[in-house]
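Engineer: Before I ask anything, here is the structure I am working with.
Here, each number is a calculation from the coordinates, and none is a lab measurement. Note that the structure is predicted; figures quoted are calculated from it, not measured. All Cβ positions, even for glycine, are placed from backbone atoms using ideal geometry, and neighbour counts span all protein chains on display.
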Amino acid sequence: MSTSTSLSAEEVLRNYFHAKDENRPHLLGHVFTQTAMLEVRNRTSTITFPNVTSGREAIADVLVRSFGQTYEKVYSFYLRRPVGQPSKFECPWLVAMTEKNARSVRIGRGRYAWEFETDPPNLARRLTIDIAEMHLLAPSDARATFAALAVLTYPWSSLPQLNEAALRHPVLAPIARRLNAE
């Protein structure tokens with residue numbers, strides 16, 4: 001699936017979370033070019049991804065299909081919003097999810113670096129995901145984690161909203177401090 005109309009960077013990023021968080025791989029046709037590249041720089045041992053993935057279908061396998069087999073209740077947040085139609089966009093992110101089998105909670109943060117086509121439909125030709133940290137919490141932490149995150153607007157949030165959420169959950173406080181320091 002692809003699109004012939006021009007998409008804003010904001011629409012592409014929103015489509016990405018629709019695809020990834022809601023396990024809808026077909027929506028990546030409104031996110032990535034057919035030959036897009038994904039690079040994952042993982043600085044944690046609590047989650048794994050291939051370092052480099054080439055092509056939209058392979059990206060769908062990694063970030064949606066395989067991911068969706070393992071995780072559910074995925075809430076991802078951009079902590080900055082693109083303005084206009086940039087050729088590149090970087091922003092911090094936050095994610096929380098549960099493991100389907102163990103029911104444990106994962107909460108992490110990192111940075112996205114997007115590169116877009118300069119011609120319509122302005123899809124992403126490259127995404128670099130930096131995973132700075134990923135915490136593994138007990139299943140009993142799920143209710144408190146998702147209640148704390150309820151103050152964040154989905155998918156576009158902000159550091160002030162994260163700081164407010166950090167007051168409600170102890171694992172969010174150090175994450176918020178590190179993001180505020182970047």
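Engineer: What size of dipole, in debye to the nearest 20, comes out for segment 9-136 about its Cα centre when the only charges are +1 on Lys and Arg C-beta atoms and -1 on Asp and Glu C-beta atoms?
Structural biologist: 340
Engineer: Let me ask something else about it. Only one of the values (i) 0.99; (ii) 1.10; (iii) 4.39 was calculated from this structure for Cα Rg over 2.2 N^0.38 Å; name its label.
Structural biologist: Computed from these coordinates, Cα Rg over 2.2 N^0.38 Å corresponds to label (i).
Engineer: Once you've got the GNM for the chain with C-alpha springs shorter than 10 Å, pick whichever of F77, F89, F17 has the biggest mean-square fluctuation.
Structural biologist: Checking each option, the largest mean-square fluctuation is seen for F89.
Engineer: May I ask for the distance between the Cα centers of segment 76-100 and segment 11-61, given as a whole number of Å?
Structural biologist: Distance between centres, Cα-based: 13 Å.
Engineer: Can you tell me which lysines have their Cα less than 20 Å from the Cα of K20? Leave out same-chain residues fewer than eight positions away.
Structural biologist: K73, K100
Engineer: Can I ask one more? Averaged over all directions, how much area does the convex hull of the C-alpha atoms of segment 11-106 cover when projected, in nm²? Don't skip to the answer; put the middle values down first.
Structural biologist: On the way: hull surface 25.0 nm².
Spelled out: convex hull of the Cα atoms, projected over all directions, averaged, 6.2 nm².
Engineer: Aspartates and glutamates near K88 by alpha-carbon distance under 20 Å, same-chain residues fewer than 8 away left out - which ones?
Structural biologist: Qualifying aspartates and glutamates at Cα under 20 Å: E10, E11, E39, E115, E117, D119, D130, E182.
Engineer: Can I ask one more? Once all Cα-Cα distances of segment 119-182 are split into 5 Å bins that start at 0, what whole-number percent is in each one?
Structural biologist: Whole-percent P(r) values from 0 Å outward: 4, 14, 21, 21, 16, 9, 7, 5, 2, 0.
Engineer: Could you identify which residue out of G110, G68, G84 has the top mean-square fluctuation in a GNM of the chain using Cα springs shorter than 10 Å?
Structural biologist: Between G110, G68, G84, it is G84 that shows the largest mean-square fluctuation.
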